[in-house]
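Enquirer: The following block contains the structure, expressed as structure tokens.
Only the coordinates and a few stated rules stand behind these numbers; no lab work does. Note that this is a predicted model, so its numbers are computed, not measured. Every residue, glycine as well, gets a Cβ built from its backbone with ideal geometry; the counts of neighbours run over all protein chains shown.
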Amino acid sequence: MSGLREYLVLLVFEVRQSVRRVELWLPYAVSSTLGLFMITKGYQAFGGEGARWFFALGWVPVVMVLAGTLGTVSAVVSLSLGSLAYWLSLPLSVRQVVGAKLLAGTSTSLLVSLFVLFVVGVFILHDVRVFAPLNLLALTLLGAAVSGLLAALAVWVRDLNRLSVVTVLASGALQYLSTVYTPILALPEWLRPVVFFNPVSLASRVLRTGALEAFLFLALESALLFGAGVFALVSRVRRQRG
């Protein structure tokens, strides 16, 4: 019980620290909302109401990726700072410390994406069905998947400049190799498997259709990618300590 209590204290502390850093997540929320309003107007003008609905719900997972990049990089960088020694002095395993910090990074992207989802439901689509529990769970899973994937990639880069390049390229691939902007049937057949299993595509499908099979695929990918991110970060921390 003592270890569990210490872990929960660490997790709550890290999440609070992430949420309080308004200067980091607020610009994403504002710029994403502006992009949402402007681009949905264009989709509606050229494609009608169906196109507006298609893009608006796909935009929310994109916001998760963009904000998740910042949260994950912050978590990776913080694991190299001196404060890590204090947390590792607690009766917690390295895996617990790393997992808590990565979840804290995920909380930033989840906060921003929920804000944008609120704007979509209330001001864009005027439909409360977008707040279905399945949609909220899908966004949570997507946040964990993105955070885990970016963390797994980031730990192999020691230079901060190269770290930003890797995360930008990865987030760009997640965003554009997805069904956010284009229906999957409009893509070349050889590209469709990659796009279909992209966690951003799966989350977009859940938001648009409530497809349970897409949710289950997303849950599996989230577990695998988040686990990979924790494993990679734990290995890095142990190398630093050794």
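Enquirer: Based on the Kirkwood radius over alpha-carbon pairs, what value in µm²/s does the Stokes-Einstein equation return for the translational diffusion coefficient of segment 117-198 at 20 °C and 1.002 mPa s?
Expert: Working: Rh = 15.1 Å.
The diffusion coefficient I find is 142 µm²/s.
Enquirer: For the chain, what is the relative contact order in percent, using Cα pairs closer than 8 Å and at least 6 residues apart in sequence?
Expert: Details: 311 pairs, mean separation 63.0, N = 242.
Result for the chain is 26 percent.
Enquirer: Ok, one more. Using Cα centres only, tell me the gap between segment 170-242 and segment 26-52 in whole Å.
Expert: 23 Å
Enquirer: For a quick check: sort Phe46, Phe55 by the number of other beta carbons within 10 angstrom, fewest at the front.
Expert: On the way: Phe46 9, Phe55 21.
With the sparsest Cβ surroundings first, the list reads Phe46, Phe55.
Enquirer: What ranking do Lys101, Lys41 get, fewest neighbouring Cβ atoms within 10 angstrom at the top? Mind dumping the intermediate values first?
Expert: Numbers: Lys101 28, Lys41 12.
Neighbour counts put them in this order, fewest first: Lys41, Lys101.
Enquirer: If you bin the C-alpha pair distances of the chain every 5 Å from 0, what whole percents do you get?
Expert: The percentages, shortest bin first, are 1, 7, 14, 18, 19, 16, 11, 7, 4, 2, 1, 0.
Enquirer: Sort Phe37, Phe215 so the one with the fewest other Cβ atoms within 10 Å of its own Cβ comes first.
Expert: On the way: Phe37 13, Phe215 19.
Listing Phe37, Phe215 from fewest to most nearby Cβ atoms yields Phe37, Phe215.
Enquirer: Running a GNM on the chain with Cα contacts under 10 Å, which residue among Leu163, Leu174, Leu187 ends up with the highest mean-square fluctuation?
Expert: Leu187
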